[in-house]
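Enquirer: This is the structure I want to talk about, given as structure tokens.
The values are calculated or read from the model by the stated rules, or taken from the named source; none is laboratory data. All of these numbers come straight from a predicted model, not from anything done at the bench. All Cβ positions, even for glycine, are placed from backbone atoms using ideal geometry, and neighbour counts span all protein chains on display. What goes into the accessible areas is simple: the full protein's heavy atoms, side chains included, and nothing from ligands, DNA or RNA. Shrake-Rupley method; radii C 1.70, N 1.55, O 1.52, S 1.80 Å.
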Amino acid sequence: MFSRPTSCLPASAVLSADILENRHKNPDDPQICLQTFEHAPFLLLRRGNDTRRCADMLCRQQGFSPDIILELDQQATAYHLACYGMGITFVSDTLIRKAPAGPDTFFFRMDPVLSVRTIYFYHKKGKYVTRAMEEFLKMAKEDLS
């Protein structure tokens, strides 16, 4: 995601409204080449976080190291700072659906092979599953499907 004047944006930019209406999932729409942002400031999570590992790998595959201006603990914090125009971060469409950005924040599709991952939830077999746990799993299944 990126905040920047509209006149400078590639044709692949989408708004949060597009994401809310699932218009960003068209496989025929253009995808961004990450190298487009090689010299831009990045807001990434701290080392050890799975999203950070993926971000580092994606940038390395594109032949550059991101200019990281802030390392954060929470994806939501990185997202909101990016919405204020401080830099670029990696977010999922799930986060955008829960906290839509303003009209001056733009998002870009990446190659799904690079940006899709499987999420697993585990609990101990034979242990009591609370009502809260059941509801969480139900909500997660609905939101992530």
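Enquirer: Go through the stretch 10-29 and report how many residues are part of a loop (DSSP other than H, G, I, E, B) and not charged (D, E, K, R).
Expert: Number of matching residues: 7.
Enquirer: Could you tell me whether any residue of the stretch 73-83 is modelled with pLDDT under 95 and acidic (Asp, Glu)?
Expert: Looking for residues that are modelled with pLDDT under 95 and acidic (Asp, Glu), one finds none in the stretch 73-83, hence no.
Enquirer: Right, something else. Tally up the residues in the stretch 33-88 that are within 20 Å of Thr118 (Cα to Cα), in contact with a strand residue (DSSP E or B) (Cβ under 7 Å, 6 or more places away or on another chain) and touching a residue at least 24 places away in the same chain (Cβ under 8 Å), please.
Expert: 4
Enquirer: Okay, moving on. Can you tell me which residue in the stretch 92-108 is farthest from Cys33 (Cα to Cα), limited to those that are buried (at least 20 other Cβ atoms within 10 Å of the Cβ) and under 10 Å from the mean Cα position of the chain (by Cα)?
Expert: Filtering first and then ranking leaves Ile96.
Enquirer: Going by what's in this entry, would Leu114 be described as assigned to a helix (DSSP H, G or I), at pLDDT 85 or above and either touching an Asp or Glu at 6+ places or on another chain (Cβ under 7 Å) or open to solvent by less than 90 Å² (accessible area, probe 1.4 Å) (or both)?
Expert: It is false that Leu114 is assigned to a helix (DSSP H, G or I), at pLDDT 85 or above and either touching an Asp or Glu at 6+ places or on another chain (Cβ under 7 Å) or open to solvent by less than 90 Å² (accessible area, probe 1.4 Å) (or both).
Enquirer: Scan the stretch 74-91 for residues that are out of contact with any Gly (no Cβ under 9 Å at 6 or more places or on another chain), open to solvent by 20 Å² or more (accessible area, probe 1.4 Å) and not aliphatic (A, V, I, L, M) and report the count.
Expert: Qualifying residue count for the region: 7.
Enquirer: Let me ask another. Confirm whether Ile32 is surrounded by 17 or more Cβ atoms within 10 Å (Cβ to Cβ), within 12 Å of the chain's Cα centre (by Cα) and over 23 Å from Asp143 (Cα atoms).
Expert: So Ile32 fails the test.
Enquirer: Another question, then. Count, please, the residues in the stretch 58-71 that happen to be within 16 Å of the chain's Cα centre (by Cα) and either open to solvent by less than 30 Å² (accessible area, probe 1.4 Å) or within 15 Å of Phe108 (Cβ to Cβ) (or both).
Expert: The qualifying residues number 3.
Enquirer: Among the listed residues Ile96, Ile32, which satisfies the condition of being part of a loop (DSSP other than H, G, I, E, B) and hydrophobic (A, V, I, L, M, F, W, C)?
Expert: Ile32
Enquirer: Filter the stretch 38-57 for residues that are within 13 Å of the chain's Cα centre (by Cα) and either more than 25 Å from Lys98 (Cβ to Cβ) or open to solvent by less than 60 Å² (accessible area, probe 1.4 Å) (or both) and give the result.
Expert: Phe42, Leu43, Leu44, Leu45, Thr51, Arg52, Cys54, Ala55
Enquirer: Follow-up question, since we're still on this one. Does Ile119 meet the test of being touching a Gly at 6+ places or on another chain (Cβ under 7 Å) and touching a residue at least 12 places away in the same chain (Cβ under 8 Å)?
Expert: Criteria not met by Ile119.
Enquirer: For the stretch 62-76, which residues satisfy the criterion of being part of a loop (DSSP other than H, G, I, E, B) and in contact with a Lys or Arg (Cβ under 7 Å, 6 or more places away or on another chain)?
Expert: Asp73
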